[in-house]
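I have placed the structure first, in the form of structure tokens, so that the comments after it can refer back to it.
The values are calculated or read from the model by the stated rules, or taken from the named source; none is laboratory data. Small disclaimer: the values here were computed from a predicted structure and weren't measured. Note that each Cβ is placed from the backbone with ideal geometry, even for glycine, and that neighbours are counted across all protein chains shown.
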Amino acid sequence: MGHSAESVEYTAVNEYDSGETVLDGEEIVSTGTDENAVLVDGEEAGVTVTNSTVKRLSDDSDSGNTSSFYGNAAALLAADGDLKISNSVIESDSAGGAGAFAYGNGTVWISDSEITTKQGTSGGVHAAGGGTLYGWNLTVNTEGGSSAAIRSDRGGGTMVIDGGTYTTSGTGSPAIYSTADISVHDAVLTAENSEAVCIEGLNTIRLFDCDLTGDMPDDNEQNEVLWNVIVYQSMSGDSEEGNGTFEMTGGSLTAKSGGMFYTTNTESTFILKDVDITYSDSSDFFLRCTGNANGRGWGQSGANGADCSFTGISQEMEGDLIWDQISELEFYLTEGSSLTGAVVRDDSYSGGSGNGFCNLYIDGTSSWTVTGDSVLTSLSCAGSILDEEGNAVSIVGSDGTVYVEGSSAYTVTVDTYTENADLSGASSVNSWEDFAVEKPENAD
């Protein structure tokens, strides 16, 4: 069978374009080049796969854009219609062979199943082209490069994941790669040889009560720094330009290498609430909001800064905030949050000019423990600013005005200072209940 969608030609062992079909206790094996084992491709088609084993095995696959963008070579693909998978085992040993893929008008429901992929560009669960995927209690392991456990690509879509374990071992394979709207609850997410999370452009990741870990290797000369969570714009065309959002409530966040958060060549929003954070021994920043050297083609040098809003809510944070003159950073400490670190201006990648700024807002319940001389544009503080010994820190205007005369060895230099905290720009946190989806009865 064959079917064209955009520029891709689908072929499949089992293709369904209409009616309701149940595959129970089946073993389905695909060995053809860029072939799907199961393809659902019809507006009125509904397929249920349960208690089954699905294998995608092929040494001869393209593994290029047709796989990442359209689901070519995925083990199970819904390109149009509904695909429900439960209590099944999915194995892929084919380049570009994702486990379960939702594309276009296709919707995938997958629960209580195991997914293993072994080759490159082979995500565990994947959405692109506007597809929708819902998952419950999955065990996902990927081994290849560019093979995020929860993966999306050009055209985006919606992914909602509840429960399960998601592990990657390949380089360039974060636990989650987002060019979509992705919400995850109560999951263990581990990238063993990559940053934990990548968000490109106008897309979102929301994590609720998850345990997230990344370990980015220091083996790419194009990287100026190492990071654990990145929000950026690659300029590849895979995502629409705009504000990328990373939101995390509860759970834990662990970096085994590098700094924690990096944003460059995009607009971005970060929201953290009551997350238990573990930092790497090599951490040199909590948040880096700057341009980049363009080694990866991320924007034009000297004009590829970041415009970032970061809100901590009941959140303990450690490490420096780094900004430059081509970036704009608004950082909020609210509801008993604390920051331990310095605020550092680093114009290494700014091109020598710009009107960037860094504004820090501290409400009356929050605090900043200063660990080094700091430079900000604006500081609004209704809380406390002390050094690690509990000494008051001097706050001095860039024009020489002394706002606070402290006994600390450190000085905070600002353009403007106020003892009130304007929190009107701070972000609020979402609730998992706003995104949770009820598992279908026949998905058990």
| remark: For strands (runs of 3 or more DSSP E) lying entirely in segment 202-301, having 2 or more residues that are aliphatic (A, V, I, L, M) and more than 20 Å from SER314 (Cα to Cα) picks out 229-232
| query | How about segment 410-444: which of its residues are out of contact with any strand residue (DSSP E or B) (no Cβ under 7 Å at 6 or more places or on another chain) and not charged (D, E, K, R)? | reply | SER424, SER428, SER431
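Rundown of residues vs (1) closer than 23 Å to GLN233 by Cα; (2) under 19 Å from the mean Cα position of the chain (by Cα); (3) modelled with pLDDT of 95 or more, yes/no style:
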residue: ASN51; (1), (2), (3): no, no, yes
residue: ARG56; (1), (2), (3): no, no, yes
residue: GLY64; (1), (2), (3): yes, no, no
residue: ASP82; (1), (2), (3): no, no, yes
residue: SER92; (1), (2), (3): no, no, yes
residue: VAL108; (1), (2), (3): no, no, yes
residue: HIS126; (1), (2), (3): yes, yes, yes
residue: LEU133; (1), (2), (3): no, yes, yes
residue: ALA149; (1), (2), (3): yes, yes, yes
| query | If we keep just the residues of segment 306-333 that are part of a loop (DSSP other than H, G, I, E, B) and touching an Asp or Glu at 6+ places or on another chain (Cβ under 6 Å), which is surrounded by the most Cβ atoms within 10 Å (Cβ to Cβ)? | reply | ASP324
| Close pairs (6 angstrom Cβ cut-off, 6 or more residues apart or separate chains): at negative phi in segment 84-100, among the charged types (D, E, K, R) anywhere | SER86/ASP112; VAL89/GLU114; GLU91/LYS55; SER92/ARG56; ASP93/LYS118; SER94/ARG56; GLY97/ARG56
| request: Run THR167 past the list (1) assigned to a strand (DSSP E or B); (2) buried (at least 24 other Cβ atoms within 10 Å of the Cβ) and report the number of the one that doesn't hold. | output: (2)
| message | Take residues that are of a type in the set (A, V, I, L, M, F, W, C) and in contact with a Cys (Cβ under 6 Å, 6 or more places away or on another chain) and tell me which of the strands (runs of 3 or more DSSP E) falling wholly in segment 1-102 contain 3 or more. | response | none
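Condition check ((1) within 19 Å of LEU253 (Cβ to Cβ); (2) hydrophobic (A, V, I, L, M, F, W, C)) across all residues:
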position	(1), (2)
ASP284	yes, no
LEU287	yes, yes
GLY295	no, no
GLY302	no, no
THR311	yes, no
GLU316	yes, no
VAL344	no, yes
| remark: By residue number, the members of segment 368-381 that are surrounded by fewer than 23 Cβ atoms within 10 Å (Cβ to Cβ) and either of a type in the set (Val, Ile, Thr) or out of contact with any Phe, Trp or Tyr (no Cβ under 9 Å at 6 or more places or on another chain) (or both) are THR369, THR371, VAL375, THR377
| SER408 being modelled with pLDDT of 95 or more, in a loop (DSSP other than H, G, I, E, B), under 25 Å from GLU335 (Cα atoms) and not hydrophobic (A, V, I, L, M, F, W, C) | no
| said: Please pick out the residue among ILE161, ILE230 that is touching a residue at least 24 places away in the same chain (Cβ under 8 Å) and closer than 17 Å to LEU272 by Cβ. | reply: ILE230
| field | Of residues in segment 229-274 being out of contact with any Leu (no Cβ under 6 Å at 6 or more places or on another chain), aliphatic (A, V, I, L, M) and at pLDDT 95 or above, the one surrounded by the fewest Cβ atoms within 10 Å (Cβ to Cβ) | value | ILE271
| Out of all the residues in segment 192-218, which are closer than 17 Å to ASP162 by Cα and of a type outside the set (Val, Ile, Thr)? | ARG206, LEU207, PHE208, ASP209, CYS210, ASP211, LEU212
| Being touching a Phe, Trp or Tyr at 6+ places or on another chain (Cβ under 7 Å) and either over 25 Å from GLY305 (Cα atoms) or surrounded by 19 or more Cβ atoms within 10 Å (Cβ to Cβ) (or both), is that true of even one residue in segment 347-355? | no
| note | Subset of segment 112-122, residues touching a Gly at 6+ places or on another chain (Cβ under 7 Å) and crowded, with 23+ Cβ neighbours inside 10 Å, comes to ILE115, THR117, GLN119, THR121, SER122
